[in-house]
Structure formats: structure tokens, C-alpha cells
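Right, one structure below, let's go through it.
Here, each number is a calculation from the coordinates, and none is a lab measurement. Worth saying up front: this structure is predicted, and the values here are computed from it rather than measured. Methodologically, a virtual Cβ is constructed for each residue, glycine included, from the backbone with ideal geometry; neighbour enumeration extends over all protein chains shown.
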Amino acid sequence: MHLSKIARRRYTKGATPIEFLPNLTEELGGPRIHIKRDDLLGLTSGGNKTRKLEFLMADALAQGADTIITTGAVQSNHCRLTLSAAVKEGLKCHLLIEERVKDSYSEGASGNNFLFHLLGAASITPVPGGTDLMAGMQEIAEKITANGGTPYIIPGGGSNALGALGYLSCAEEILSQSFDSGLDIDHVVCSSGSGGTHAGLVAGLHGNQSGIPITGISVRAEKVPQEAKILDLAQQAAHLAGGHLEIPADYVVVRDEFVGPGYSLPTKEMTEAIQIFARTEGILLDPVYTGKTAAGLIGLIKEGAFDKDSDVLFIHTGGSPALYAYQAEALG
Ligand SMILES: Cc1ncc(COP(=O)(O)O)c(C=O)c1O
């Protein structure tokens, strides 16, 4: 794989830490739980989109863009971080906000929505759930072009092959850290949403022949379509990076039973997971993504999916600003 040949901006100095979580490990009675602190990545408040944006923004700049357009849910971490990267690069940024849960958009809401305003989004356009978001972004792009601007569209979650390279690179970072520290990782658990994180990790862990199994915890979609989406995106990312190994379909594993009633809707297990991480390790998760992913990790531990004497790496993909918009859900 030849990531160094692909244009990239740098928004984080060095690697994010991999930390052992002794209190959580003891509380759950094993396996040994480690955490990849991607909540500590660069740009406003960190999180997984920062890695994807290193590649996506480099492409936007190479194409001479002066304006970025992207889309996400009402509390989108992706929109916050894309806007933050645009600010850093001196570009304007328009946000198309999908109200995935009816009547959930509120102009004055806290959390990421507050940050959209503070970071100076050029426009914030709420649209109903199910809207054709690509068509909506193209409409905004046409207006910008008509006014002499050069727009660049970043898809929801930054999850195209180029964005997924951010997590292919993260997989290589993890392998290098585990080699240096002597940590023998037996399993990786990550969030599986728009897919770039899970797909990039699959491409990187498989492409480097690590042999480490990975389970993606779905936060929205059902298992079968999500696995197909991840496999396709992982293949695309691997090819883009010059990888030659075909990814076997059974290397892509998604669990969907932790979604609960739907995307962003609370579950008892999510609330418990947020509280247990906060109260044993002082680590903040979010109710939409990492809270449900941690509920998945705990669920897998309870069903005996891991040997007690093994090392499991949980990928912390960020998202804590959304906590301030979901206080009741986090406190239960
Ligand atoms: C905090 C957080 N974790 C995980 C995810 C899911 O990552 P992906 O969209 O790459 O599947 C997101 C997506 O928005 C997120 O904001």
C-alpha cells in the first residue's frame, strides 16, 4: 500500500494514544480493554472525521475549491469537523442538515449545532429525513458556481474511498503502535455508520495481513446491507491505496442489534455504556455513535465473544460535543 503518494493535509500531530483501561476491564471482568483515542484527533474537539478530512481537503484544495459543501444529521460531528477544516484552510462551508428524526432540528440547539454557528457556517439548510442529499448539495453547488465560486462536495460522513483512506492509515498506525509497545491485539471493535471508519480499518488491517478480526457495531443500518456497503468501500479504498489483496466477504462483520429503535434514538444499554466509561475511566462517549458502539462492546463481552485473557481494542471515534444536546439521554 502506498499512502504516501496520495495528497494529504495534516490536522493532528503524531499518533493518537492507545491506552489500557484497567478500571473498565476490572468492572467487566475481562478481556483487557484498550482504547484508541481518536477523540483526541485535531480540529475542533477531535473525532474520526479529522482523519478522513486530511485526504478530502487535500483533494478539494488540489481542485482549486474555495467552498466546501457537506451534509449530516442535526448533531453531525462530520459537519462540525468539515466546517472546522474549511475554517483552517480559509474556505467557506455550507451545511445541508438532514432531520433524520422528525422535528429534531432546532436552530438554537446546543452541542454540534451551536458549534456550526460559532465556527461560522456560510449556510445551514435543514431538510426532512429521506431527502436526496446529493441532489440538495448539487443545487447549492450550482448556485455557488453561478456566482463565480468553486465548490467541492464532501459526501455524508466523508465516506467515499478517498475519505476511507483516513482509517486505512489509522489501521497502519495501530499496527505500528502495537509492534512498538508489544501489545498483541486480539480483536478490534469500531462504529459502523456511513462506513468510512469500518471500511478503512478493514482495508488496512487486512491489506497489511494483520490477521486481527474486527467487528463493526452498526448505529443505523441492518447487518446485511451494511456488510455489503463496508466490503465495497473497503475494496475501493484498498485499490486506491495500491493494495492487491482481495478482501474476503467474511472478514466484514457487522452487528446491528445495538441500534435499538433507530438512529440517534436512546437505548438503556447506550446510557449504561456512557455512564460506565465516564465513571470508571473519565472518558466521554456520545449517545449516537460511541455510546451505542460501547454498548455493543459490552454486549459482545457479556455473550462471551472474547476470551477473558485477550486484548480488545475499542476505537473511540469522538462525538462528545453531542453530549451537551442529549443530557437527559446520557444521564438516563
Ligand atoms: C463520533 C462518531 N463516531 C462514529 C461515526 C461513524 O463513523 P462512519 O460514518 O465512518 O461509519 C460517526 C459518524 O458520523 C461519528 O460522528
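Centre-to-centre separation between the Cα atoms of region 191-269 and those of region 114-185: 17 Å. For region 49-154, the relative contact order is 34 percent, taking Cα pairs closer than 8 Å that sit 6 or more residues apart in sequence and dividing their mean separation by the residue count. Could you compute how fast the chain diffuses translationally, taking Rh as the Kirkwood radius over C-alpha pairs and applying Stokes-Einstein at 25 °C with viscosity 0.890 mPa s? Give it in µm² per second. My calculation gives 124 µm²/s for D.
The modelled label-to-label distance for the pair residue 147/residue 62, using points 7 Å beyond Cα in the direction of Cβ, is 2.8 nm. Here the Karplus curve 6.51 cos²θ - 1.76 cosθ + 1.60, taken at θ = phi - 60°, turns the phi angles of region 7-14 into couplings of 4, 8, 8, 10, 10, 9, 7, x Hz, with x standing for Gly and Pro. Relative to its Kirkwood radius, the Cα radius of gyration of region 26-73 gives an Rg/Rh of 1.23. Take the alpha carbon gyration tensor of region 265-332, find the square roots of its eigenvalues, order them as a ≥ b ≥ c, and report rounded if a/c is under 1.5; if not, report prolate when a/b exceeds b/c, else oblate. In terms of gyration-tensor shape, prolate.
Label point of residue 249 set 7 angstrom out along Cα-Cβ; within region 158-201, amide nitrogens under 19 Å from it belong to 199.
For region 81-96 and region 21-75, what is the separation of their C-alpha centers, rounded to whole Å? First find each Cα centre; the distance between them is then 16 Å.
Which entries of 13/52; 36/268; 49/88; 49/102; 36/292; 5/92 have Cα-Cα distances beyond 19 Å here? Beyond 19 Å: 36/268; 49/102; 5/92. When 134, 57 are sorted by how many other C-beta atoms sit within 10 angstrom of their C-beta, beginning with the fewest, the order is 134, 57. By how many degrees, 0 to 90 and rounded to 10, does the Cα axis of helix 290-302 deviate from the longest principal axis of the chain? Taking Cα atoms only, the helix is inclined about 20 degrees. Per the Kirkwood formula applied to alpha carbons, region 49-154 shows a radius of gyration over Rh ratio, Rg over Rh, of 0.95.
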